[in-house]
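A short reminder: the numbers here are calculations on the coordinates, not readings from a lab. Here the structure is a predicted model, which means the values were calculated and not measured. Methodologically, a virtual Cβ is constructed for each residue, glycine included, from the backbone with ideal geometry; neighbour enumeration extends over all protein chains shown.
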Amino acid sequence: MKFINRRTAALTALALTASLALTACGSDDESGSNGNGGGDASVTFLPKNLGNPYFDTSDAGGKKAVEEFGGKFEEVGPDTATPDAQVPFINTAAQQGVGALVVSANDPKAICDALNEASDAGVKIVTFDSDTEADCRDIYVNQASSEGIAKAQVDLIAEQIGDSGEIAILSAAANATNQNAWIELMEKELAANHPNIKLVDTVYGDDDDQTSFDKTAALLQSHPNLKGIVSPTTVGIAAAARYLSTSKSKGKVALTGLGTPNQMREYVENGTVTAFALWNPEDLGYLAAFAAKALIDGDIEGKKGDTFEAGELGEYTVGDNGEVLLGDPFVFNADNIGDFDF
Amino acid sequence: MSTPVLTRPDGQARTYDAYAQPWWKRTLLTREMAIIALVVAVYAWSMGNVANFDSPLTLYYLFLDVAPLLLIALPMTLIIITGEIDLSVASVVGLSSVLVGVLVQDGGLSVPVAALIAIAVGAVCGAFNGFLVAYVGLPSLAVTIGTLALYRGIAVGILGTTAKTDFPEKWTDLSKERIIEGQPYPMILIPFLVLLLGFVLLLHFSPFGRGVYDIGLNDEAAQFAGVDVARTKLWLFLLAGAVSALAGVYFTLRFGSARGDNANGMELQVIAAVLLGGVSIFGGRGALHGVVAGVLLIGVISSAMRLEGQTVNVINIVIGVLLVLSVISTNLLGWVSGQVRSRTRGSRPSTSRAQSGTSSTTEG
């Protein structure tokens, strides 16, 4: 049927395709037109990508906050976590003139131009989870400080092994900047406050499940007196927990670190792991939404020392480089892990 | 012995379908014009019904967003008219993006030099496709699925999961600059219009272009009619590679980000736009003004739906449905008009058309 008769059929084609397309577009009319104009408390959340349980949780926190202060909440995002896919949504926010855009950046630099254009259009920019360069946003809501992360993990392992004995660290890649910063801070913390704990080894699982699994096995063999493992990476802690849960060291060697509830639920429930740390993404989204509101209302400008109220989380102060720190890492254990799904 | 005279046995003058109706009917009542009317209708509807669509930023961002599609759709149109397809274009965009990133930041080259090298590499990638299709005689679908993976693999292999994001501001700004300050027309439209003019002349006003249509209708017949089928195809794939690489340079500068996974999946958007614009996937039919309208239609719908807060998935569903309906409507209307014609004019012309249709379909 490749030879459509253009002449006799074209009018029908025009009417048919037009009506089809208009119906297709018409269906989204039901969602209603968005109100616009700067100054109102409309907050758009733009996570790295949609369908990611971590951001589903953080955006739920943001939605809760926006509903509390009576603003308008919207969540948009690409289906892949790339900076170029985020740009059209940033552009759209600029066109809509939303009050504030709360974004988790897929690249610290690539989305800067788009954010600056939105800023020129009167949109307040808040980054959370992943920051951009400091001059591309008004405020960065940081989930945790390196010191906080290091201290929380040392405290957890010290508590679990009775503050004395041999421990080891299972890290990601040997040249991972954040991992090495945390390990260094943990060593300092151990030396200063836990003299009876001895860090005997640091191994690298390269954030690969199998490598981390094998390294855990090797650690237990080469250090028979090992009492605890700290893994400050979500891949590492899950692999180590999987190894421990089927080995004879289960329950004898403590394991903690940074993990996500969905990965760790099984091991917390079967007793391999008693507690691990991470931040609470819901609180992160909640705080980011209140920071956005404070910017929209003009209560703060993102300067150091500005303070604002964040609903049930209390008062926060803006620190260096326009950063707001969520607080100490959140500890997940058997009692609260059922409340989280990310 | 009289010289043989060709006369139709029934004594009627031969009527060509193509000239059976006045020129204005032939120009206006086409699929291309239907798509153009649809773009205008959707645009007008969005202006009235979608909040903020009338914002001065809308058109500007719309052009920036669809520019790579507009560029790549030009050579893609010609390739599809010959009955072939090129699925590797988005991978060439990614590869060119990575090359620009590496050459500018690690190689220390200036942006124009890096861009020229990237475009040359793109042309080579395209020529490789063209060689395998035209001279080795492999089906373009298979060849370009292979090179889709190959070129993307090289792009990701060069940069891994990292990104190059530090480009000279002069060039990133230029990619977003407006032609006239205050007007919504970005600079990228200038190279596009130049290329559009070139491709319109090539396809619609040159012997090469007539050869392109002939190949799509029946490449064996085209060969006998004196069209160099293989060379034509080689050139088309080469052009597709070069233009895709140019789109990759623009993509990199606009987003200020060179990554191996840039423009992932864009080949399908380009092909959707071309088909939506009235080009037959079986080859032999289509025109560039319809394709430009097809790209703009996708751009306007995406822009309007994003403003309504719809997710990418919903936008993809709408465009997918539109594409399927446009293909179905072609076939449906072809069938309807065949019925109408066989009733009004007798069966003869439509049978002959149906036969030629079948034969070239199987060829393609």
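At-a-glance table
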item	result
Order of A:MET264, B:MET47 - criterion: other Cβ atoms within 10 Å of each residue's Cβ, fewest first	B:MET47, A:MET264
Candidate lysines - alpha carbon under 25 Å from B:LYS233, same-chain residues fewer than 8 apart omitted	A:LYS2
Reachable aspartates and glutamates, given that their alpha-carbon falls under 15 Å from the alpha-carbon of A:LYS227 and they are not under 8 places away in the same chain	A:ASP155, A:GLU159, A:ASP163, A:GLU166, A:ASP201
Positive dipole terminus of chain A, leading residue within A:ILE111, A:ALA238, A:GLN143 (C-beta point charges)	A:ALA238
Per-residue [θ]222 nm for the protein assembly as shown (sum of -39500 (n - 2.57) over DSSP H runs n ≥ 4, rounded to 500)	-19000 deg cm²/dmol
Dipole magnitude (debye, nearest 20) for the range B:143-216, charges at Cβ of Lys, Arg, Asp, Glu	180
Residue exposure sequence - B:GLU32, A:GLU301, B:GLU181 - by fewest surrounding Cβ within 10 Å	B:GLU181, A:GLU301, B:GLU32
Charge sum, other residues only, whose C-beta stays under 15 Å from B:ILE145's C-beta, Lys/Arg counted +1 and Asp/Glu -1	-2
Dipole moment magnitude, nearest 20 debye, the range B:67-287 about Cα centre, only Lys, Arg, Asp, Glu C-beta charged	100
Given chain A, longest segment not containing exposed loop trypsin sites (Lys or Arg not before Pro) (DSSP; at most 15 other Cβ within 10 Å)	A:1-247
The range A:146-278, dipole about Cα centre (Lys/Arg Cβ +1, Asp/Glu Cβ -1), debye to the nearest 20	400
Distance (nanometres) between label positions extended 7 Å along Cα→Cβ at B:VAL229 and B:LEU109	3.7
Dipole of the protein assembly as shown [Lys/Arg +1, Asp/Glu -1 at C-beta], most positive-end residue of A:VAL66, A:LEU199, B:ILE36	B:ILE36
C-alpha long axis of helix A:177-193 to longest principal axis of chain A, angle in °	40
Share of alpha-carbon pairs per 5 Å distance bin for the range B:67-287, given as whole %	1, 8, 15, 19, 19, 15, 11, 7, 4, 1, 0
Subset of A:LYS188/A:LYS248; A:LYS48/A:LYS151; A:LYS64/B:LYS176; A:LYS124/B:LYS176 violating a 26 Å alpha-carbon distance limit	A:LYS188/A:LYS248; A:LYS48/A:LYS151; A:LYS64/B:LYS176
12 Å beta-carbon shell around A:GLY338, net charge (K/R +1, D/E -1)	-3
Under 18 Å from the Cα of B:LYS170 - aspartates and glutamates, other chains or at least 8 residues apart	A:ASP113, A:GLU117, B:GLU181
The range A:306-342 versus the range B:293-318: alpha-carbon centroid distance in Å	37
Efficiency of FRET between B:ILE145 and A:ASP339 - r from beta-carbon atoms, R0 30 angstrom, step 0.05	0.05
Positive minus negative residues near A:ASN270 (Lys, Arg vs Asp, Glu; Cβ under 15 Å)	+3
Dipole axis of the protein assembly as shown (+1 Lys, Arg; -1 Asp, Glu on Cβ), positive-most option in B:GLY248, A:LEU156, B:LEU193	B:LEU193
Given 13 as the ceiling on other Cβ atoms within 10 Å, longest exposed-site-free region of chain B for chymotrypsin sites (Phe, Trp or Tyr not before Pro) in DSSP loops	B:17-204
Exposure proxy ranking, count of Cβ atoms within 10 Å, fewest first, for A:VAL98, B:VAL66, B:VAL200	B:VAL200, B:VAL66, A:VAL98
The range B:126-182 - convex hull of the alpha-carbon atoms, volume per residue in Å³	159
